[in-house]
Amino acid sequence: MTERAAFYEEIGARNLAPLWEVMAGLITPEPASACRPALWRWDEVRGPVMESGGIISAEEAERRVLVLENPGLRGTSRITTSLYAGLQLVLPGEVAPAHRHSQSALRFVVEGEGAYTAVEGERTTMAEGDFVITPHWTWHDHGNDSDRAMIWLDGLDIPMVQFFDASFAERLGDDRQPLSRPEGDSLARYGQGLLPVDHEPGSLASPVFNYPYARSREALEAMRRQEAWDPCHGLKLRYANPVDGGYAMPTIAAHLQLLPAGFETASYRATDAAVFAVVEGSGKTRIGDEAVFSWGPRDIFVAPSWHGVRHSAAEDAVLFSFSDRVVQEKLGLWREDRGNA
Ligand code: 1HN
């Protein structure tokens, strides 16, 4: 045994390790993630999601979800190093029982209309493209009183909470939480460019918990008549907390963007790995040197940290996306590179 190996063995018994053997892997000159570009085509995932409805009920599963696992991070329930994503199915007549946990969640409705989520005493009926949040430690339950299956994309900060060892969770006991406010109350109070006088923020998350697609889409459509297109993003809007102008939740940033037919974005990279869900249109996205994905409605893809992203839209296209950008910005870590990747 060499002198070094003997030394490592000796110190290892005292729970000590030599930094110089691992330093280059710890402090990389640029992000070096195991996260890979990946695409989930709707025509390949819808079948299994619907099939899961015959395997287990929403009630028994608590949440009947097929997890979107990044191929570079299999077995860890992650779509990126910091985020979890899944496709959740709620069939007509089903309920997903009320619970709350430290993890914050977003829903982006992919298929269906008429199912609901209740959050902290208010229900919202959901439609395709709606962005719905259930912030950390809020009671939430889902149900479907419509006659159609509903499937949505879940995004949660599970890996971040895991990293901090800060997970708490509890069940309410009843399937449905008691309702204390009429549907639409939050949007009326906080989502009209007005705020209740003397409003004191009681939470780090937005008091608006459904950002309906019809309104977001209309905003993009109105802007396109006026706005110069951003070379990297087309027209891109950020889901905002109306109380402080920040992101809708403290750990997950979300955006909606419009790319007009024929538009090709300049290469763009940032330190936040992003999950994209296609709402409308079709096109292609090149991610680093590794992947070119052709996409259409309801497809989902992920771009890892610091990989150059270039979108090209064959038809007018709308992309929803979410990432950990809000956290990285707070920690002074977030960087972007426009046009050089
Ligand atoms: C959760 O609460 C939901 O409320 C979905 O719909 C997915 C994955 C892990 C932990 C909690 C939901 C989840 C989750």
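FYI, it's all coordinate maths here, none of it is from the lab. Because the structure is a prediction, the values reported are computed rather than measured. Reconstructed Cβ throughout: ideal geometry from the backbone, glycine too, with neighbour counts over all protein chains shown.
Tabulated results
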{"read-out": "18 Å reach of a label modelled at ARG217, 7 Å along Cα-to-Cβ, counting backbone N of the range 309-325", "value": "314-321"}
{"read-out": "Fewest-first sequence of TRP139, TRP152, TRP42 by Cβ atoms within 10 Å of each Cβ", "value": "TRP139, TRP42, TRP152"}
{"read-out": "Distance cut-off 33 Å, percentage of C-alpha pairs in the chain lying past it", "value": "30 percent"}
{"read-out": "Distance in nm between pseudo-label sites at ARG338 and THR76 (7 Å out along the Cβ direction from Cα)", "value": "3.2 nm"}
{"read-out": "Virtual paramagnetic centre 7 Å along Cα→Cβ of LEU26, amide N under 19 Å, in the range 161-202", "value": "163-164"}
{"read-out": "Lys, Arg +1 and Asp, Glu -1 on Cβ, resulting dipole of the range 1-154 about Cα centre, debye, nearest 20", "value": "380 debye"}
{"read-out": "Anisotropy class of the range 197-341 from Cα gyration tensor, a/c 1.5 cut", "value": "oblate"}
{"read-out": "Counted charge near ASP244, where neighbours are those whose Cβ lies closer than 15 Å (Asp, Glu -1; Lys, Arg +1)", "value": "0"}
{"read-out": "Convex hull volume per residue in cubic angstrom - Cα atoms of the range 241-321", "value": "98 Å³"}
{"read-out": "Candidates per GluC sites (Glu not before Pro) in the range 228-314, loop by DSSP, up to 15 other Cβ within 10 Å", "value": "GLU290"}
{"read-out": "Total formal charge among the other residues, if their Cβ is under 14 angstrom from that of TRP334, Lys/Arg +1 and Asp/Glu -1", "value": "+1"}
{"read-out": "Shape of the range 116-269, Cα gyration tensor, a/c cut at 1.5", "value": "prolate"}
{"read-out": "Most fluctuating residue given options ASN241, ASN210, ASN15, as computed from a GNM of the chain linking Cα atoms under 10 Å", "value": "ASN15"}
{"read-out": "Cα centroid separation, the range 241-272 to the range 70-129 (Å)", "value": "20 Å"}
{"read-out": "Charge tally in the Cβ shell below 12 Å around GLU113, where Lys, Arg are +1 and Asp, Glu are -1, GLU113 excluded", "value": "-4"}
{"read-out": "Candidates THR28, THR265, THR76: whichever shows maximal mean-square fluctuation once the chain is modelled as a Gaussian network with Cα springs under 10 Å", "value": "THR28"}
{"read-out": "Global form of the range 57-178, assessed from the alpha-carbon gyration tensor, a/c cut-off 1.5", "value": "oblate"}
{"read-out": "Least to most buried among HIS101, HIS307 (fewest other Cβ within 10 Å first)", "value": "HIS101, HIS307"}
{"read-out": "Residues ILE56 and SER180, FRET efficiency given R0 of 35 Å [Cβ-Cβ distance, rounded to 0.05]", "value": "0.65"}
{"read-out": "Mean separation of Cα contacts under 8 Å, 6 or more apart, over the residue count of the range 36-121: relative contact order %", "value": "25 percent"}
{"read-out": "Residue order, fewest to most surrounding Cβ atoms within 10 angstrom, among LEU235, LEU26", "value": "LEU26, LEU235"}
